[in-house]
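In what follows, a single structure is set out as structure tokens and then discussed.
The values are calculated or read from the model by the stated rules, or taken from the named source; none is laboratory data. Since this is a predicted model, take the numbers as computed values, not measurements. Using ideal geometry, Cβ is built from the backbone for each residue, glycine included, and neighbour counts are taken over all protein chains shown.
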Amino acid sequence: MKRILYLLLLSATVLSCGRNEKSQVYVARSLNPQEDLNTRSNPEDAKFTIFNFVGEDGKPKKGDLIGIRYGDTLIRIQADPKDKTLIHDHFGFAQFVNTDQTCILVQLENAKGLIGPVYIIALKNGKPEVINPYLASSGKQDSKFTRGVSSVGKSAYLINNDYLLSAVNAKLYPIKRQKEGERIQGYLFLRSSDNETLVFLVDGAFYQVHYPSGETYTLPITSRIAQDDEKGLYRWIQDNYIWIKNEKNIAFLKPAPTDNKITDMRRKM
């Protein structure tokens, strides 16, 4: 319901493309988590470009909204296959996520406190396609923990706590949910030194996901430190926990042996 409300709000406020702008409308399709998004570019293919919209005075428009072109054609997204009035071409975020620049992660601008939907624009068989990575969720705190696109270091993006997308080769990793039917109800708090284990701060625990394998581990929080005291919680982890690899060489945060402190906390989010 909130997703529909967002689209209606944005459709009433978004700036339309210029009258003389050549454009193409793409209906967003569902994501196949196993599909290859890292298409190699060919010399005969047109190129994607990311640009800032400017007003008649030549200055960036309010909000620094971003547009995407394929060749000389503006890409416009029809968010709902059944509603041709919900068409958008202005984004609040856009970034190439592979070296060939054939795949772009975009997010519509936030509107009236609601987080903008996320899309992946990818070159498929020589033509652009718009892919929707949205997964339905019934979590009671979805509005609190749904952030759209979040940076994970300099090499990846987290999409609504449901996917990790490499910013180098557009590799997409599903993030296993703690509870079926709802996205992870917490914030990304830490990651292991090998970048393969993500630690989410959820209610009363650290929910850990090794995203390459999908293996998970939940570590209860036994400290009396309030969960919103990030610095205090971080120091407490340093004093009491360590990254331990299991027989599969997967690192999880676990209680440290006596007099042994965690050795690498540089991957704080």
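Table for the structure above
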read-out: Any hit, region 157-172, residues being over 26 Å from TYR26 (Cβ atoms) and surrounded by fewer than 18 Cβ atoms within 10 Å (Cβ to Cβ); value: no
read-out: Hey, GLY153 surrounded by fewer than 18 Cβ atoms within 10 Å (Cβ to Cβ) and in the same structural domain as GLN107 (by TED's automatic domain parsing) or not; value: no
read-out: Output for region 195-215, where each listed residue is at pLDDT 95 or above, in a loop (DSSP other than H, G, I, E, B) and over 16 Å from SER151 (Cα atoms); value: PRO212, SER213, GLY214
read-out: Subset of region 31-48 (residues that are under 12 Å from ILE121 (Cα atoms) and either of a type in the set (Val, Ile, Thr) or surrounded by fewer than 16 Cβ atoms within 10 Å (Cβ to Cβ) (or both)); value: THR39
read-out: Cβ pairs under 6 Å, 6+ apart, first in region 31-51 and free of Cβ contacts under 8 Å to residues at least 60 places away in the same chain, second assigned to a loop (DSSP other than H, G, I, E, B); value: ALA46/GLY71
read-out: Leading residue by the ranking (surrounded by the fewest Cβ atoms within 10 Å (Cβ to Cβ)) among those in region 100-116 that are among the aliphatic types (A, V, I, L, M) and touching a Ser or Thr at 6+ places or on another chain (Cβ under 9 Å); value: LEU114
read-out: Flag for LYS231 being in a helix (DSSP H, G or I) and at pLDDT below 90; value: yes
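So that you can scan it fast, the table gives a plain yes or no per residue for (1) hydroxyl-bearing (Ser, Thr, Tyr); (2) more than 24 Å from ARG183 (Cα to Cα); (3) at pLDDT 95 or above:
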| site | (1), (2), (3) |
| --- | --- |
| ARG69 | no, yes, yes |
| ARG76 | no, yes, yes |
| GLN95 | no, no, yes |
| ASN98 | no, yes, yes |
| ASN110 | no, no, no |
| GLY116 | no, no, no |
| TYR119 | yes, no, yes |
| ASN125 | no, yes, no |
| LYS140 | no, no, yes |
